[in-house]
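Undergrad: Once you've had a glance at the structure underneath, I'll fire off some questions.
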Amino acid sequence: MSTIILASTFGVSILAIAYSLFLAFSVSSKSAGSKKLFDISKIISDDLKKKEAKNIKDFALVAIVLFTGIMYAFGWQSAASFLAGAVLFILIDYFLSTISTKASVNMAEAAKSNAVSVYKINYNFAYASTFLIAGVGLLSVAAVNVILTDLNCLLALVLSAVLAAVFSWKSGRQNYLGTFVGTLAIAILLAKSSGVSYKNLEILPLALASFVLIISLLSRFLSGINPAKLNVSSAMNRAVILVSILTLVAAYFGPKYILEAFGTKLIIKLAAALALGLALGLIIIFTRQFSKILPTVAVALIVLASNYLAGTYGVILAALGYLSLWPLSMLANLFSYQNKNAEAIATTAEMSETAVENITTLDSSKIITSGYFIGLFGILAVSALLYYFVGLGSLNFLATDPKLISGLLLGGAASYILSSELFVDKILKIAVAVIGVVLAGITLGPIFLAGVIAGAILIDLLVSQSVSSEVLIMTIVAVFASSFIETQYSLMIRGIIAGGTIVLVVVYFIVKMLYAKRLQIGK
């Protein structure tokens, strides 16, 4: 059974990549049209290349430092996983940024004819981007899980995906690649360390992800999408309902046949945990006006209720149920994002009102699913924190422990400070996030570090209404650091390490400020 599932996973991911590349090249091969649009396209492309060059340079600097640290602390397998993921994910990001620019210009040109042509280009771009990221994400997680035996390799892959998003062309809180790769990888890690004796435990996440990709792809042809009617939101709603129904079917038959979980009561509990995550995802998608608070409530309910149903593995299934809506949610967000870009280009090119209306008539506001990704960020962060707790299972966590309480407060403060204007520089922000977590663990131990991560996640969800990439990086690094904390060095050595590292960060910050002022004076 496991061999068949793994072969199917590789097959589905390769199919998704091939289909997305076909759509991407069909979108980019169209002519930019008029000279004015061509000039605008060139200006956008040149500006994008400059930004990408700087982002890649900064990304390479951070990646080299982290690669060296991972190699030293965890060996070549984890370092190789991180490096391969970093290179692959940043290349995909660059490719998609190029396709996005071409698609926006082509949409503006197509708007001169009719809205149907605009619709087709946008939809093809959104599908190409969605399934390229999903296919590469699934393939990378499956390959690392099969080829590399060290569990830290999956963590290294997640770290590279989240890090790539920080330097992405569409950087921000909707880290599409990071959420998909991270949730899938953490689900496998939790499955391997959950202590449950089901067969094929770590294979189920890959099987469900492959199934979701297939039915999400088929939903394009089965949901009644009609370009002539421009039925964007209604078609997306039908696709979501179709995928949800089929996922519920998989929620029952997956545990029954893949895990070989015997007993109707047990199967129903496992299916209920998966259905819970799916249901909460649906509620968030269809109640956009409450999207600011619902994701936080959803994360709490998923952890509490799914753990009651099936323990740690229940949380895994609930996360996978929520993840089943990822392809269509990403598709909807990309469609809306691309539509706004095309409208801006058409306005800049001073195109006719009819042409601009052919773009704006594609009302995509009804299918914005940003709240869904906020919830998924929270689920990923909490799942990683849960994996941290599992790795430190022998320790007793008491609510009255001063280290835990102080960690919660300082973690919340760290989250707030990292989101402030003081930390605009990406390299500095990541340096503080990584070094701060390592120092917290080395100096004050795992309980304090658990409080720091929990506090950072909580404040991000409540104040920033999401979980930032920096807090995700803090959480993943905390799991890495858990094997190197407190007991490795004497108190004096730990103090020297902490003080020296803080001095280096401060020096970097001062030098950067002085260099920036010198450039301003030179101008």
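The values are calculated or read from the model by the stated rules, or taken from the named source; none is laboratory data. This is a predicted model, so every value here is computed, not measured. Backbone-built Cβ (ideal geometry, glycine too); neighbour counts: all protein chains shown.
Undergrad: All but one of (1) within 18 Å of the chain's Cα centre (by Cα); (2) at pLDDT 80 or above hold for TYR388, so report the exception by its number.
TA: Only one criterion is unmet by TYR388, namely (1).
Undergrad: What residue, of LEU213, LEU218, is in a helix (DSSP H, G or I) and either farther than 16 Å from LEU278 by Cα or modelled with pLDDT under 85 (or both)? Full working, then the answer.
TA: Details: LEU213 fails: either farther than 16 Å from LEU278 by Cα or modelled with pLDDT under 85 (or both).
Of LEU213, LEU218, the one residue that is in a helix (DSSP H, G or I) and either farther than 16 Å from LEU278 by Cα or modelled with pLDDT under 85 (or both) is LEU218.
Undergrad: Taking region 103-145 only, how many residues are surrounded by fewer than 23 Cβ atoms within 10 Å (Cβ to Cβ), modelled with pLDDT under 80 and part of a helix (DSSP H, G or I)?
TA: So the count comes out to 3.
Undergrad: Checking LEU410 against (1) crowded, with 20+ Cβ neighbours inside 10 Å; (2) modelled with pLDDT of 80 or more: exactly one of these is not met. Which one?
TA: Going through the list (1) crowded, with 20+ Cβ neighbours inside 10 Å; (2) modelled with pLDDT of 80 or more, LEU410 breaks only (1).
Undergrad: Within region 83-124, how many residues turn out to be of a type in the set (A, V, I, L, M) and more than 21 Å from ALA235 (Cβ to Cβ)?
TA: Our first condition is that a residue be of a type in the set (A, V, I, L, M); within region 83-124, this holds for 83-84, 86-88, 90-92, 96, 99, 103, 105, 107-108, 110-111, 115-116, 118, 121.
Then keep just the ones that are more than 21 Å from ALA235 (Cβ to Cβ); that gives 83-84, 86-88, 90-92, 96, 99, 105, 108.
Residues that pass the stated criteria total 12.
Undergrad: For region 254-281, give me each residue that is over 21 Å from SER210 (Cβ atoms) and surrounded by fewer than 17 Cβ atoms within 10 Å (Cβ to Cβ).
TA: Of the residues in region 254-281, the ones over 21 Å from SER210 (Cβ atoms) are 262-266, 268-269, 272, 276, 279-280.
Listed by number, the residues that qualify are PHE262, GLY263, THR264, LYS265, LEU266, ILE268.
Undergrad: Okay, moving on. Got a sec? Which of ILE14, ILE90, ILE64, ILE40 is modelled with pLDDT of 80 or more, part of a helix (DSSP H, G or I), crowded, with 19+ Cβ neighbours inside 10 Å and among the hydrophobic types (A, V, I, L, M, F, W, C)? Let's see the steps before the verdict.
TA: Working: ILE14 fails: crowded, with 19+ Cβ neighbours inside 10 Å; ILE64 fails: crowded, with 19+ Cβ neighbours inside 10 Å; ILE40 fails: modelled with pLDDT of 80 or more.
Of ILE14, ILE90, ILE64, ILE40, the one residue that is modelled with pLDDT of 80 or more, part of a helix (DSSP H, G or I), crowded, with 19+ Cβ neighbours inside 10 Å and among the hydrophobic types (A, V, I, L, M, F, W, C) is ILE90.
Undergrad: Among the residues of region 471-489, write down those that are modelled with pLDDT under 80 and either under 21 Å from LEU184 (Cβ atoms) or outside the structural domain of VAL432 (by TED's automatic domain parsing) (or both).
TA: Let us first name the residues in region 471-489 that are modelled with pLDDT under 80, namely 480-489.
If the condition is that a residue be modelled with pLDDT under 80 and either under 21 Å from LEU184 (Cβ atoms) or outside the structural domain of VAL432 (by TED's automatic domain parsing) (or both), then PHE480 is the only one that fits.
Undergrad: For region 235-260, what are the residues that are assigned to a loop (DSSP other than H, G, I, E, B) and within 15 Å of LEU320 (Cβ to Cβ)?
TA: So in region 235-260, the residues assigned to a loop (DSSP other than H, G, I, E, B) come out as 259-260.
Across region 235-260, the qualifying residue is only LEU259.
Undergrad: If you don't mind, another one. Report, by residue number, each residue of region 291-322 that is within 18 Å of the chain's Cα centre (by Cα), surrounded by 23 or more Cβ atoms within 10 Å (Cβ to Cβ) and either modelled with pLDDT under 75 or not assigned by TED's automatic domain parsing to the domain that holds LEU274 (or both).
TA: PRO295, ALA298
Undergrad: Can you confirm whether PHE95 is surrounded by 18 or more Cβ atoms within 10 Å (Cβ to Cβ), in the same structural domain as LEU132 (by TED's automatic domain parsing) and at pLDDT 80 or above?
TA: Values: surrounded by 18 or more Cβ atoms within 10 Å (Cβ to Cβ): no; in the same structural domain as LEU132 (by TED's automatic domain parsing): yes; at pLDDT 80 or above: yes.
It is false that PHE95 is surrounded by 18 or more Cβ atoms within 10 Å (Cβ to Cβ), in the same structural domain as LEU132 (by TED's automatic domain parsing) and at pLDDT 80 or above.
Undergrad: Considering region 265-290 alone, what residues qualify as being touching a helix residue (DSSP H, G or I) at 6+ places or on another chain (Cβ under 7 Å) and modelled with pLDDT under 75?
TA: Selection gives THR287, ARG288.
Undergrad: Kindly indicate which of GLY436, GLY451 is modelled with pLDDT of 75 or more, at negative phi and either touching a Lys or Arg at 6+ places or on another chain (Cβ under 7 Å) or of a type in the set (Ser, Thr, Tyr) (or both). Spell out the reasoning first.
TA: Working: GLY436 fails: either touching a Lys or Arg at 6+ places or on another chain (Cβ under 7 Å) or of a type in the set (Ser, Thr, Tyr) (or both).
Exactly one residue qualifies, and that residue is GLY451.
Undergrad: Looking at (1) closer than 30 Å to SER352 by Cβ; (2) more than 17 Å from the chain's Cα centre (by Cα); (3) assigned to a helix (DSSP H, G or I), find the lone condition where PHE95 falls short.
TA: With (1) closer than 30 Å to SER352 by Cβ; (2) more than 17 Å from the chain's Cα centre (by Cα); (3) assigned to a helix (DSSP H, G or I) applied to PHE95, the lone miss is (1).
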